[in-house]
Amino acid sequence: MSRRFDGQVALVTGGAKGIGRAAVEAFSTEGAAVVIADIDAAEGEALAQSLPRTVFVATDVTRIADAERAVRVAVETFGGLDILFSNAGIVMYNLIENVTEEHYEREMGVNFKGHVWMCKYAIPEMRKRGGGAIVCTSSVQALATQTTVAIYAASKAATLAMVKAVAQDHAHEHIRVNAILPGSVDTPMLRNAAREFDPNDVDGVIARWGNMHPIGRVITAQDVAKLVLFLCSDDASALTGAAYLVDGGLMAKLPVILPDS
Ligand SMILES: NC(=O)c1ccc[n+]([C@@H]2O[C@H](COP(=O)([O-])OP(=O)(O)OC[C@H]3O[C@@H](n4cnc5c(N)ncnc54)[C@H](O)[C@@H]3O)[C@@H](O)[C@H]2O)c1
């Protein structure tokens, strides 16, 4: 087993469940000390206790003080910060005419402002270490989208734009910043969405979504974690300011069905 992150410290937001959880487990397996920053204390604490050199810090990424504390916990507990996987996110379905101020503030807050606050506090600590790697979770919805997710799509596109700009600002300090754009990933978020469409056949809905992806299945959280770890590894030292699809070919596909010949 390669241990690419021995001696490094990684902070993962939204690390209690789903994609973030898979990344926490993968970073830990490959030698990193890990800080799990999440609003779900029960899942986050339990995960932290199951892994070596891993701590949980209750964090709502929309709150600037929470973001500052999460980074401070990494520094005080493990001596610094090398990696930020800024991944916490939520999805709320609505037509724009029905979007309330509360909906807007919450979804943009978690999905976009959270990245701003986490980068704000992580970058000075990475500078002290002589460099670092940041990965922000965007979505294929930043590029092409569907019905009833106007704010979600906008938050993911904003994340992508921010990543490109922050990468410019800090490349000379060896701090790399990239975005990942997942297709449908089998996580609690996707299962909750599937439940809204058909509470009696969640697996069936997910299988149908999987069939829309050229690989014929949805993405696993572990598939995404592998990309995140690669982007944070020394093998990716030339990669910054870019967006990486992990979508089973979804964005390469036009909805064209040839007539039977
Ligand atoms: N699942 C998908 O199909 C999919 C596709 C594309 C992008 N994404 C993105 O991937 C990221 C992770 O999604 P997931 O599917 O693992 O979701 P999930 O709901 O399964 O897990 C998200 C985690 O984030 C935490 N969280 C929510 N709000 C938070 C906040 N304010 N502060 C800190 N933590 C918070 C939750 O407690 C949870 O542990 C999100 O940014 C999501 O938008 C997911």
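Here is how the numbers come out for the structure above:
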item: Some residue of the range 190-199 being exposed (fewer than 15 other Cβ atoms within 10 Å of the Cβ), modelled with pLDDT under 95 and either touching a strand residue (DSSP E or B) at 6+ places or on another chain (Cβ under 8 Å) or of a type in the set (Phe, Trp, Tyr) (or both); result: yes
item: Close pairs from the range 161-187: first closer than 22 Å to residue 252 by Cα and at pLDDT 95 or above, partner within 16 Å of the ligand (Cβ to nearest atom) and aromatic (Phe, Trp, Tyr), Cβ under 9 Å, at least 6 apart; result: 178/244; 179/244; 180/244; 181/244; 183/209; 184/209
item: Residues located in the range 9-42, provided they are away from the ligand (no atom under 16 Å from the Cβ) and touching a helix residue (DSSP H, G or I) at 6+ places or on another chain (Cβ under 8 Å); result: 9, 30, 33
item: Of the criteria (1) touching a helix residue (DSSP H, G or I) at 6+ places or on another chain (Cβ under 8 Å); (2) surrounded by 23 or more Cβ atoms within 10 Å (Cβ to Cβ), which one residue 60 fails; result: (2)
item: Test for residue 142: is it within 17 Å of the chain's Cα centre (by Cα), away from the ligand (no atom under 12 Å from the Cβ) and at pLDDT 95 or above; result: no
item: Positions within the range 76-120 being in a loop (DSSP other than H, G, I, E, B) and near the ligand (Cβ under 10 Å from one of its atoms), in sequence order; result: 87, 88, 89, 90, 91
item: Residue pairs meeting the criteria (Cβ under 6 Å; at least 6 apart or on separate chains; first more than 10 Å from the ligand (Cβ to nearest atom), in the range 53-66; second aromatic (Phe, Trp, Tyr) and in a helix (DSSP H, G or I)); result: 64/117
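Matching residues to (1) assigned to a helix (DSSP H, G or I); (2) aliphatic (A, V, I, L, M); (3) at pLDDT below 95; (4) crowded, with 24+ Cβ neighbours inside 10 Å:
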{"site": "1", "(1), (2), (3), (4)": "no, yes, yes, no"}
{"site": "4", "(1), (2), (3), (4)": "no, no, no, no"}
{"site": "15", "(1), (2), (3), (4)": "no, no, no, yes"}
{"site": "28", "(1), (2), (3), (4)": "yes, no, no, no"}
{"site": "31", "(1), (2), (3), (4)": "no, no, no, no"}
{"site": "36", "(1), (2), (3), (4)": "no, yes, no, yes"}
{"site": "44", "(1), (2), (3), (4)": "yes, no, no, yes"}
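The values are calculated or read from the model by the stated rules, or taken from the named source; none is laboratory data. From a predicted model like this one, the values you see are computed outputs, not experimental measurements. Heads up, the Cβs are rebuilt from the backbone with ideal geometry, glycines too, and the neighbour counts pull from every protein chain shown.
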